[in-house]
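Single-structure report; data block below.
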């Protein structure tokens, strides 16, 4: 029964990842990106597609640390990308910083929560398998 509850919590994290990614996809229209911010938008689309595919994969398979680490790296990149892209002399504007840092931070938090849940689940399985004989 515990594994069913843990799987349900992992599915909730997958669903939250999808909602956050949908927010990333509509951010250009909500924030009002200018036409010159195509580089920021392409970056967000690339990160969003990766995280969306990982989130969808979570529904078919029990998530692993690799998928959570991929979301963690995507979140870190998204949070720092406005400054990394502006250092490359690409078109970025201030509204992208707000959206990217916020959504990147949400990705980071969700991946860390999922990693913590996986770790706790592994400890429980280890305690059960090494229990009294």
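Readers should treat all values here as calculations from the given coordinates under stated rules, not as data from a laboratory. Owing to the predicted nature of the structure, the values given are computational and were not obtained by experimental measurement. No Cβ is skipped: glycine too gets one built from the backbone with ideal geometry, and neighbour counts run over all protein chains shown.
Sorted on the mean count of surrounding Cβ atoms within 10 Å across their residues, most packed first, peptides 40-47, 56-63 read 40-47, 56-63.
Placing dummy labels 7 Å off each Cα toward the beta-carbon, the span from residue 57 to residue 83 is 2.9 nm. In this rough spin-label picture, where each label sits 7 Å from Cα along the Cβ direction, the residue 73-residue 116 distance is 2.4 nm. Between residue 64 and residue 30, the simple label model (points 7 Å from Cα in the Cβ direction) yields a spacing of 3.3 nm. What the Cβ-Cβ distance of residue 15 and residue 98 gives, at R0 = 22 Å and to the nearest 0.05, is a FRET efficiency of 0.35.
Assuming R0 = 41 Å, what is the FRET efficiency of residue 42 and residue 125, from their Cβ-Cβ distance, to the nearest 0.05?
Values: r = 42 Å, r/R0 = 1.02.
The calculated FRET efficiency here is 0.45.
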